[in-house]
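> Next up is a structure, given as structure tokens.
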Amino acid sequence: MEQGFQRTDKYRVIVNDPENEQLLCHKWLEVGFVLNGCGNLVMDEHSYPLQKNDIFVINSYQLHRVVLVEGSHLLSLMIQMDYKEYLLP
């Protein structure tokens, strides 16, 4: 399940659980933080293990998928690329 702000915002925060494992490609810069549990980040035909307290960054338009073990949760901060310039001058 995905919960977040409207797509028109400059940023949004999403909490993902194991039911949301689709392959994604979006215009947002994504910073992910594993709240609890574990899983894998699949990107560029490579799989990277994830565990509690891991942080990762996915560039805009990079094809990826996060596969979480049952009971795991991931917090994602999605930032529009033009807003990134404001946050990180």
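> Would a scan of segment 22-42 turn up a residue that is among the aromatic types (Phe, Trp, Tyr), touching a residue at least 40 places away in the same chain (Cβ under 8 Å) and in a strand (DSSP E or B)?
The answer is yes; a qualifying residue exists.
> Right, something else. Quick test for you: out of Leu68, Leu63, Leu75, pick the one residue that is under 14 Å from the mean Cα position of the chain (by Cα), open to solvent by 80 Å² or more (accessible area, probe 1.4 Å) and modelled with pLDDT of 90 or more.
After applying the criteria, what remains is Leu63.
> Of all the residues that make up segment 43-61, how many are in contact with a Leu (Cβ under 6 Å, 6 or more places away or on another chain) and not in a strand (DSSP E or B)?
The total comes to 1.
> What are the residues in segment 12-45 that are open to solvent by 30 Å² or more (accessible area, probe 1.4 Å) and among the β-branched types (Val, Ile, Thr), if any?
Val13, Val15, Val31, Val42
The values are calculated or read from the model by the stated rules, or taken from the named source; none is laboratory data. Values in this document were obtained by computation on a predicted structure and should not be read as measured data. Quick reminder, even Gly has a Cβ in these numbers, built from the backbone with ideal geometry, and neighbours come from all protein chains shown. These area figures cover heavy atoms from the full protein model, side chains too; ligands, DNA and RNA do not enter into them. Shrake-Rupley method; radii C 1.70, N 1.55, O 1.52, S 1.80 Å.
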